[in-house]
Amino acid sequence: MSKTTIIVGLGSCGLAAGAGKTYNEIERIKNTDKLDFELKKTSCIGMCFREPLVEIIDDSGTYLYGNVDVTKVDEILEKHIKNFSPIQEYIVKSDKFDSPDKDFFEGQVEIALRNCGHIDPESIEEYESKNGYAAIRKIANEKLKPEDVIQKVLDSGLRGRGGGGFATGMKWKFAYNNKAPQKYVICNADEGDPGAFMDRSLLEGDPHSILEGMIICGYSIGASEGYIYCRAEYPLAIKRLNIAIDKAREKGYLGKNIFGIENFNFDLKIKEGAGAFVCGEETALIASIEGERGMPRRRPPFPAESGLWKSPTNINNVETFANIPWIVFNGPEKYNQYGTEKSKGTKVFALTGKIKHGGLVEVPMGITIKEIIYKLGGGIQGGKKFKAVQLGGPSGGCIPEYLSHTPIDYDSVNATGAIMGSGGMVVMDETTCVVDIARFFLDFTQKESCGKCTFCRIGTKRMLEILTRITKGEGKDGDIETLEELSHSIKDSSLCGLGQTAPNPVLTTIKYFKDEYEAHIRDKKCPALKCKELITYDVIPENCTGCTVCAKGCPVNAISGERKQLHVIDHEICTRCGVCFTKCKFNAIKLS
Amino acid sequence: METNIKSILNNYPEGSADSLIPMLQDIQEHDGFLSKEAVIEVGKYLKMPASKIFGVATFYNQFRFTPLGKNHIQVCRGTACHVLGSATVLEEIEKNIGVKSGQTSRDGIFSLEVVACIGACGLAPVIAINGNFHAKVTGESIKEILENYRNQE
């Protein structure tokens with residue numbers, strides 16, 4: 001009989017939901033009641049909507065408990081551990097019986113996320129027990145040449161997972177072909193796209209896979225130094241990376257003549273970003289590592305030719321590196337059996353917004369948007385109508401409901417005007433205003449524009465002003481045309497990806513939701529009832545009982561009325577904060 | 001304070017240009033912000049004009065040039081949080097503590113900052129106070145959260 005194990009998910013999301021307290025409580029009861037089981041930590045399990053998550057593995061099977069706040073710990077330990085009877089109603093996934101959430105996992109293929117939520121990210125031994133560092137060992141044992149490894153990556157069809165979608169093998173080949181005494185490998189972990197957390201989960205959940213991917217890249221292109229450029233907003237990821245690097249060094253996996261490969265030296269450093277979205281662009285990222293303002297420069301020369309300190313440099317995204325060891329170990333053929341003709345393998349998405357089952361999912365390329373939202377994601381929250389999905393963050397666009405049969409691959413997504421991006425997938429329902437969303441993204445890119453190119457610096461500002469006017473009901477005829485004209489000018493005259501893609505959220509929303517723009521501009525109406533200046537709150541006389549709750553809750557005293565009498569909202573004073581709407585128990589407040 | 005800055009600078013014996021950002025991060029971690037004196041000190045050490053250092057520091061959102069309050073509130077304004085109502089939460093906080101983003105309340109109890117994305121989108125809207133996350137915050141629940149921090153005084 002093997003020992004029972006209890007594993008608690010302690011990623012940032014889990015911790016935010018209170019998993020730390022859950023862990024402590026399990027530990028406390030374990031000690032006071034002298035219970036016999038092994039208590040372990042892991043990182044993100046992916047089911048954000050069921051955090052905190054606790055997995056119990058015993059002789060009979062595996063049981064994943066969801067929403068385990070402190071109050072449930074005692075009951076679960078009492079019944080499951082002491083009396084061997086699992087509590088089915090709390091279980092979200094098990095190999096013993098079907099759970100209502102099983103669809104979330106069905107259809108997923110775990111390659112990049114293979115270890116996330118399964119191992120303790122702070123233990124190098126646990127990583128090694130899952131074929132960790134076996135890919136680089138295979139290279140050493142089979143005496144594979146750098147060209148052979150690059151060929152494997154080329155054959156796999158892997159394309160950059162940071163958003164651009166450039167063939168990873170080609171990138172490596174360029175850096176390999178540029179002969180120089182010093183070369184660098186950089187991992188771009190500056191996940192700045194608001195609404196995305198794939199890279200954070202990978203860094204927190206399986207840091208050694210990134211290290212191994214970078215070591216393999218270093219061997220392939222002939223680099224001896226690597227940098228991980230990680231956002232400072234991810235303190236837990238940085239902590240776990242530091243632990244991983246220390247342990248790898250102790251074991252001799254980083255340093256000189258590693259893995260018995262003669263003359264192969266490789267070591268890693270972490271550089272913390274300082275909060276600049278544009279540093280996700282590779283030349284800006286390099287400038288930032290060098291200690292400069294993170295402003296992009298003209299390409300060519302590409303980093304593969306002249307990158308960090310003017311040496312050939314290969315930059316890949318976190319998820320790309322996480323795929324590498326798996327591809328080398330299992331072979332490219334096994335990888336490219338997933339996906340479509342031009343987009344091979346899998347992609348990790350952060351499914352968020354108005355979705356029932358939000359979380360981290362890894363799906364084979366070619367799956368449709370519809371399948372992700374309705375099958376894995378369980379549909380829209382609160383039974384509302386699905387309106388659009390935003391892919392690619394501030395550089396991407398909104399794909400409307402009627403195109404939800406679009407398969408997820410680089411080319412099909414690009415054809416809609418959105419981009420694959422790094423994997424943020426924000427779901428919107430009928431109560432989300434697309435003009436407000438376009439304004440939100442422009443506000444973001446306008447603030448994050450580095451200011452180098454005039455059109456990006458001033459053009460985004462002008463676009464933001466127009467969009468703000470439209471959402472306030474001050475839109476004019478011709479605004480849509482001006483937005484389109486500015487969009488094209490910004491796209492054509494910006495140096496880097498930030499400027500070239502900044503207008504995408506506006507262009508796609510105009511393309512698919514022009515009627516909403518027109519409603520704002522001509523009728524001064526917000527169809528989604530979101531834009532504050534364009535809505536009014538009123539009391540429905542038939543439903544009002546005169547309970548005075550709304551009047552008491554109103555922060556600006558805009559509601560008047562005696563007890564048990566009809567209440568009235570003064571539109572002049574009302575700030576449309578919506579407090580009355582949420583407080584009324586009798587559905588007597590109407591939004592129009 | 002000066003001796004502390006010296007000890008931070010001494011962690012970077014090579015004194016190369018690429019240590020500038022990590023140095024500023026260490027100083028801010030220690031002091032809570034970058035003072036003029038600290039910047040000048042770094043300039044002397046790296047043989048770099050202070051104007052250049054300010055040029056780099058003001059480029060990045062992370063660096064602050066005024067001290068923080070006792071409790072530092074970070075409001076996530078990522079897309080997922082926005083879609084689920086973070087604007088209302090931010091408005092409520094601004095009203096409650098009486099300052100705008102980037103400022104510190106007069107009593108010094110709170111300082112407020114807007115951040116691009118904390119990466120906990122599954123629990124949106126999210127705020128962090130002194131690095132502790134609060135998930136699924138609403139315009140209502142935030143009042144209680146702030147009150148708890150206030151009562152700790």
Exactly one of (1) more than 17 Å from the chain's Cα centre (by Cα); (2) buried (at least 20 other Cβ atoms within 10 Å of the Cβ); (3) of a type in the set (A, V, I, L, M) is unmet by B:Leu90. Its number? (1)
Looking at the structure I just gave you, is B:Leu24 of a type in the set (A, V, I, L, M, F, W, C), under 22 Å from the mean Cα position of the chain (by Cα) and within 12 Å of another protein chain (Cβ to nearest Cβ)? yes
By residue number, the members of the range B:93-106 that are more than 9 Å from chain A (Cβ to nearest Cβ), surrounded by fewer than 20 Cβ atoms within 10 Å (Cβ to Cβ) and out of contact with any Gly (no Cβ under 8 Å at 6 or more places or on another chain) are B:Glu94, B:Asn96, B:Gly98, B:Val99, B:Lys100, B:Ser101, B:Gly102, B:Gln103
Test of understanding: among A:Tyr229, A:Tyr184, which residue is within 14 Å of chain B (Cβ to nearest Cβ), touching a Gly at 6+ places or on another chain (Cβ under 9 Å) and over 30 Å from A:Gln390 (Cα atoms)? A:Tyr184
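The rows are residues; the columns are (1) surrounded by 19 or more Cβ atoms within 10 Å (Cβ to Cβ); (2) within 14 Å of chain A (Cβ to nearest Cβ).
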| site | (1), (2) |
| --- | --- |
| B:Glu41 | yes, no |
| B:Leu46 | yes, yes |
| B:Phe54 | no, yes |
| B:Val83 | yes, yes |
| B:Val114 | no, yes |
Looking only at the range A:282-289, decide whether some residue is within 14 Å of chain B (Cβ to nearest Cβ), without any contact (Cβ under 8 Å) to a residue 12 or more places away in the chain and out of contact with any Asp or Glu (no Cβ under 9 Å at 6 or more places or on another chain). yes
In this structure, does A:Glu262 turn out to be surrounded by fewer than 21 Cβ atoms within 10 Å (Cβ to Cβ), within 14 Å of chain B (Cβ to nearest Cβ) and of a type in the set (D, E, K, R)? no
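Within the range A:170-273, considering only helices (runs of 4 or more DSSP H) that don't extend past its boundaries, which have at least 3 residues that are outside the structural domain of A:Gly396 (by TED's automatic domain parsing) and free of Cβ contacts under 8 Å to residues at least 40 places away in the same chain?
Those helices (runs of 4 or more DSSP H) span A:235-250.
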Checked pairs for the range A:124-145, first closer than 11 Å to A:Ile261 by Cβ, second among the small types (Gly, Ala, Ser), C-beta under 6 Å and 6 or more apart or across chains, list as A:Ala140/A:Gly260
Wholly inside the range A:286-380, strands (runs of 3 or more DSSP E) that include 2 or more residues that are within 30 Å of A:Pro181 (Cα to Cα) are A:313-317
Residues in the range B:109-117: is at least one touching a His at 6+ places or on another chain (Cβ under 9 Å) and hydroxyl-bearing (Ser, Thr, Tyr)? yes
Qualifying residues in the range A:571-590 (those that are surrounded by fewer than 16 Cβ atoms within 10 Å (Cβ to Cβ), within 17 Å of A:Cys544 (Cβ to Cβ) and away from every other protein chain (no Cβ under 14 Å)) - the one farthest from the chain's Cα centre (by Cα): A:His571
Here's a check for you: in the range A:1-20, which residue that is touching a helix residue (DSSP H, G or I) at 6+ places or on another chain (Cβ under 7 Å) and part of a helix (DSSP H, G or I) is surrounded by the fewest Cβ atoms within 10 Å (Cβ to Cβ)? A:Ala16
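The values are calculated or read from the model by the stated rules, or taken from the named source; none is laboratory data. Keep in mind it's a predicted model, so treat the numbers as computed, not measured. Ideal geometry is used to build each Cβ from the backbone, glycine not excepted, and the neighbour counts take in all protein chains shown.
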